[in-house]
Amino acid sequence: NERKNLHAVLESFINLGDEFNDTHLYIIGDLKSDSFKTLNFDRYKANPRIKFLGRVNDAALIRYYSYAKAFIYPSLYEGFGIPPLEAQKCGCPVIVSNVSSLPEVFQESALYCDPYSIVSLKNAIEEILTNDDRRNILIEKGYENVQRFSWLSSGEKVIEVLKKYL
């Protein structure tokens with residue numbers, strides 16, 4: 001969806017300094033949606049450091065999360081934010097936007113950026129790539145954060161609310 005702000009991710013990545021020439025960006029998901037019709041992917045597809053993988057199965061997704069230096073999610077609007085939680089569950093530090101529900105969901109377990117600023121996102125990416133101490137802290141805080149959420153506890157809470165009104 002366009003609100004996922006893929007344009008900002010791509011622009012921030014290509015604006016990284018030369019010291020990051022060995023870093024690659026992997027984009028997972030279907031880009032054929034009408035949501036992306038205004039984005040010219042040819043410019044980015046020509047960059048050998050950017051890989052468009054399309055849809056991947058769950059096992060591959062877990063591998064990408066597990067080996068990534070970071071998961072980048074500068075969404076302009078989110079109701080919750082499950083993909084960054086999935087990344088945290090796999091030990092991947094996350095960069096998320098500082099708007100919508102994301103600060104409430106991720107609290108101190110994420111590195112935040114202004115989703116309307118390419119510079120802010122670029123700086124967050126550079127920080128996570130160069131600051132191993134910060135990255136390791138985010139990994140540990142991510143593991144702690146995901147413990148707050150589960151489908152079972154969510155279901156139990158919904159049942160409690162429904163019982164009050166049935």
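The values are calculated or read from the model by the stated rules, or taken from the named source; none is laboratory data. Everything numeric here is computed off the predicted structure, so don't read it as measured data. Using ideal geometry, Cβ is built from the backbone for each residue, glycine included, and neighbour counts are taken over all protein chains shown. These accessible areas exclude ligands, DNA and RNA; they are computed on the full protein's heavy atoms, side chains included. Shrake-Rupley method; radii C 1.70, N 1.55, O 1.52, S 1.80 Å.
A few comments on the model shown:
- Residues located in the range 13-35, provided they are more than 26 Å from residue 99 (Cα to Cα), open to solvent by 30 Å² or more (accessible area, probe 1.4 Å) and assigned to a helix (DSSP H, G or I): 18, 19
- Residue 10 meets all of the listed conditions (1) within 14 Å of the chain's Cα centre (by Cα); (2) open to solvent by 50 Å² or more (accessible area, probe 1.4 Å) but one, namely (2).
- Helices (runs of 4 or more DSSP H) wholly inside the range 102-166 containing at least 1 residues that are open to solvent by less than 40 Å² (accessible area, probe 1.4 Å) and more than 19 Å from residue 13 (Cβ to Cβ): 102-106, 132-146, 151-165
- Count of the range 36-76 residues which are part of a loop (DSSP other than H, G, I, E, B), open to solvent by less than 60 Å² (accessible area, probe 1.4 Å) and out of contact with any Pro (no Cβ under 9 Å at 6 or more places or on another chain): 5
- Set 78, 19: member being charged (D, E, K, R), out of contact with any Asp or Glu (no Cβ under 6 Å at 6 or more places or on another chain) and farther than 19 Å from residue 138 by Cβ: 19
- Matching residues in the range 120-166 - criterion: being of a type in the set (A, V, I, L, M, F, W, C) and free of Cβ contacts under 8 Å to residues at least 24 places away in the same chain: 137, 151, 152, 158, 159, 161, 162, 166
- Screening residue 83 against (1) in contact with a helix residue (DSSP H, G or I) (Cβ under 8 Å, 6 or more places away or on another chain); (2) under 21 Å from residue 3 (Cα atoms); (3) open to solvent by 30 Å² or more (accessible area, probe 1.4 Å) leaves a single unmet condition, (1).
- Counting the residues of the range 77-101 that are of a type in the set (S, T, N, Q) and not in a loop (DSSP other than H, G, I, E, B) gives 2.
- Test result for residue 43, over 25 Å from residue 102 (Cβ atoms), of a type in the set (Lys, Arg) and at pLDDT 95 or above: no
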